[in-house]
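Notes follow once the structure below has been shown.
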Amino acid sequence: MDRIIRPARNVLGAVQLPGDKSISHRYAMLGAIAEGRTTIRGFSSAADCESTLGCLRQLGVAIHREGSEVQIEGAGLGGLRAPQPMLDAGNSGSTMRMLSGILAGQPFVTRITGDDSLQRRPMDRIMEPLRQMGAEIAARDGRYAPLEIRGGRLRAIRYRPPVASAQVKTAVLLAGLFAEGETVVEEEIRTRDHTELALVEFGADIRMESNGIRVRGGRVLRGGQFRVPGDLSSAAFFLVGALLFPGSNLLLHNVGLNPTRARLLDFLSSQGADVRVSNLESARGELIGDLHVTGGQVKGGSIGADLVPALIDELPVLSVLGAHSERGLSISGAQELRVKESDRIAAVAENLRRMGARVEERPDGLEIPGRQRLAGATIDSCGDHRIAMAFSIAALAAEGESRIEGAEAAQVSFPEFYDILDSITE
Ligand code: S3P
């Protein structure tokens, strides 16, 4: 489906964002292996999270969903059953990688696959530690889905992921729930910690220490009531949209502000953006607040390897902002972007060029000069939700209209995106 985006003059209004995708996946997976019922309010509307629920149902978990409220009857650590025929994670890397940690601890064989994009993404990064723990995993060409996971008795390991990835960390910690002994994950660069916070709330035997996250297997998890904050990575599109116009004034309610994600706000503020937080509260260890942003040009600067994991999903839309900034944006140490739902370095460079911008593509990043006026163009979403949305935002500030090809990809993380965009642009 193509979508036409016309230039806007301002971004104005108030927005209620749907629930955070990362947190929704985790609450659902932990609810499934906990004892008792878990009720999740504000569950993400993303197709990716529906993929997680679909896989859990196939594993024998009773799940009832009404809109954004999800009820899960926990099967307990030992209550999942062998799925028939094959689990389908759709487009969702989080579903495949994180769920594999749970599947590694099951006394049965599971096959799991995904769509074309997911079948091109590397899975060896979770296969390696899960094999060390005792699971047998076969994959196409040794690293791609479909995966065949032969789970069983696991042993605890100490693991230092070679890539900064919250999905890898989570796969190991979830497998650690089934392992004998204490599993330790050490991170060189800290990634989002939603799994650790959720594990504490579900009653796992977990400790977060300076030299690693430690989880002991065998402890029964307890279900409960959870509320998912709005998705900051979805909010990022509108934050950037607002910053592109001096007259913008936008309020975003109920946004997740977990410090491992909210470095986006520090980054924007350091660029001179006026983004204010109010009504800060905490729910189940997750910070939540309202964001108020007014328009105005940002300075530009650089994002290096140490900051990349904290901003990984926001880099496409920050690239758009970079082209409008005073000094431009330099991104390095971001080779992980090449193995996301699309090669996001290539996709950003190609689409910026289509809009008439100058940009230099590097193996691990992008050099984007500032003060560029973009022209309306036909955008190739590459079937990637974040590319479709980032360039819909770019199109707001372009001269002439743009056509976003494959705009339906937004459903993967943010089905409400275009309705909200229409309601806040004038
Ligand atoms: C996620 C972690 C990140 C991110 C993805 C969601 C998560 O992936 O890009 O959208 O929920 O843990 P990596 O762990 O591969 O960096």
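Mind putting a number on the dipole of the chain about its Cα centre? Charges go on the C-beta only, +1 for Lys and Arg and -1 for Asp and Glu, and I need it in Debye to the nearest 20. Walk me through the intermediate numbers first.
Working: 49 positive and 54 negative charges, 160 e Å.
For this selection, approximately 760 debye.
Which lysines have a Cα lying under 24 Å from the Cα of K299, excluding residues fewer than 8 positions away in the same chain?
Result set, ordered by chain and number: empty.
With θ set to phi - 60° and the Karplus curve 6.51 cos²θ - 1.76 cosθ + 1.60, what are the ³J(HN,Hα) couplings of the range 37-48 in order, to the nearest whole Hz, using x for Gly and Pro?
Couplings: 8, 10, 10, 10, 9, x, 4, 4, 8, 4, 4, 4 Hz.
Going by the alpha-carbon gyration tensor, a ≥ b ≥ c the square roots of its eigenvalues, is the range 289-408 rounded (a/c under 1.5) or, if a/c is not under 1.5, prolate (a/b greater than b/c) versus oblate? Walk me through the numbers on the way to the answer.
Working: a/c = 1.29, a/b = 1.09, b/c = 1.18.
In terms of gyration-tensor shape, rounded.
Tell me what the chain gives for mean residue ellipticity at 222 nm when only DSSP H runs of n ≥ 4 count, each as -39,500 (n - 2.57), the sum divided by the residue total, rounded to 500 deg cm²/dmol. Please list the in-between numbers first.
Numbers: 13 runs with 129 residues, N = 426.
That calculation yields -9000 deg cm²/dmol at 222 nm.
Going by average Cβ density within 10 Å per residue, which order do the peptides 245-251, 69-75 take, highest to lowest?
On the way: 245-251: 18.0, 69-75: 20.0.
Per-residue mean Cβ counts within 10 Å order the peptides as 69-75, 245-251.
Search the structure for amide H atoms under 5 Å from the amide H of R158, placed 1.01 Å from N in the peptide plane, and list their residues when 5 or more places away or on another chain.
Amide H to amide H, under 5 Å and 5 or more residues apart or across chains, R158 pairs with V184.
At 7 Å along Cα-to-Cβ for each site, give me the label-to-label distance between A62 and V163 in nm.
3.9 nm
Within the range 372-426, which trypsin sites (Lys or Arg not before Pro) sit in a loop by DSSP and count at most 12 neighbouring Cβ atoms inside 10 Å?
Working: sites: R373, R386, R403; in loops: R373.
Sparse-neighbourhood loop trypsin sites (Lys or Arg not before Pro): R373.
Determine one quarter of the surface area of the Cα convex hull of the chain, which equals its mean projected area, and express it in nm² to one decimal.
Working: hull surface 70.7 nm².
About 17.7 nm², averaged over all directions.
How would you classify the range 21-227 from its alpha-carbon gyration tensor, with a ≥ b ≥ c the square roots of the eigenvalues: rounded for a/c under 1.5, else prolate if a/b is greater than b/c, otherwise oblate?
Numbers: a/c = 1.34, a/b = 1.07, b/c = 1.25.
Taking the square roots of the gyration eigenvalues as a ≥ b ≥ c, the range 21-227 is rounded.
Any idea how far the Cα center of the range 1-54 sits from the one of the range 378-398, in Å?
That distance is 20 Å.
Can you list residues from other chains, or at least 5 along the same chain, whose modelled amide H is less than 5 Å from the amide H of V255?
G230, G289, D290, L291
At 0.36 nm per residue, and after removing the present C-alpha to C-alpha distance, how many nm does the segment from H292 to E401 gain when stretched out fully?
Details: separation 109, 0.36 × 109 = 39.24 nm, distance 2.79 nm.
Here the answer is 36.4 nm.
Test of the criteria: in the range 1-91, which trypsin sites (Lys or Arg not before Pro) are in a DSSP loop and have at most 13 other Cβ atoms within 10 angstrom of their Cβ? Intermediate values should be presented prior to the final figure.
On the way: sites: R3, R9, K21, R26, R37, R41, R57, R65, R81; in loops: R9, R81.
Those satisfying the criteria are R9, R81.
Using a basic spin-label model with each label point 7 Å from the Cα along Cα→Cβ, how many nm lie between A138 and R276?
The two pseudo-label positions are separated by 6.1 nm.
What are the equivalent ellipsoid semi-axes of the range 130-215, built from the alpha-carbon gyration tensor (square roots of five times its eigenvalues), in whole angstrom, biggest first?
Numbers: eigenvalues 98, 47, 26 Å².
Semi-axes, largest first: 22, 15, 11 Å.
Could you give the size of the charge dipole of the range 1-78 about its Cα centre, using +1 on the Cβ of each K and R and -1 on the Cβ of each D and E, expressed in debye and rounded to the nearest 20? Can you show the working numbers first?
On the way: 9 positive and 8 negative charges, 70 e Å.
Computed about the Cα centre, the dipole is about 340 debye.
Residue separation times 0.36 nm, minus the C-alpha to C-alpha distance between D306 and E128: what's the value?
On the way: separation 178, 0.36 × 178 = 64.08 nm, distance 2.41 nm.
Result: 61.7 nm gained on full extension.
Show the residues, 5+ positions off or on another chain, whose built amide H is closer than 5 Å to the amide H of T260.
Correct list: D193.
Taking a cut-off of 19 Å between Cα atoms, list the lysines near K340, but don't count ones fewer than 8 places away on the same chain.
Output for K340: K21, K169.
Which shape class applies to the range 343-398: rounded if a/c is under 1.5, otherwise prolate when a/b exceeds b/c and oblate if not, where a ≥ b ≥ c are the square roots of the Cα gyration tensor eigenvalues? Mind showing how you got there, number by number?
Details: a/c = 1.91, a/b = 1.05, b/c = 1.83.
Taking the square roots of the gyration eigenvalues as a ≥ b ≥ c, the range 343-398 is oblate.
Using a simple charge model, +1 on the beta-carbon of Lys and Arg, -1 on the beta-carbon of Asp and Glu, nothing else, what dipole does the range 50-134 show about its Cα centre, in debye to the nearest 20? Please list the in-between numbers first.
Working: 9 positive and 9 negative charges, 63 e Å.
Charge dipole, the range 50-134, about its Cα centre: 300 debye, nearest 20.
Which order do the peptides 268-281, 334-347, 163-176 take when ranked by the mean count of other beta-carbon atoms within 10 Å per residue, highest first?
Working: 268-281: 14.6, 334-347: 20.4, 163-176: 25.5.
Top of the packing list down: 163-176, 334-347, 268-281.
Read the figures in this text as sums done on the coordinates, not as results from a lab. Small disclaimer: the values here were computed from a predicted structure and weren't measured. A quick note on method: Cβ atoms are made from the backbone with ideal geometry, for glycine too, and the neighbour counts reach across all protein chains shown.
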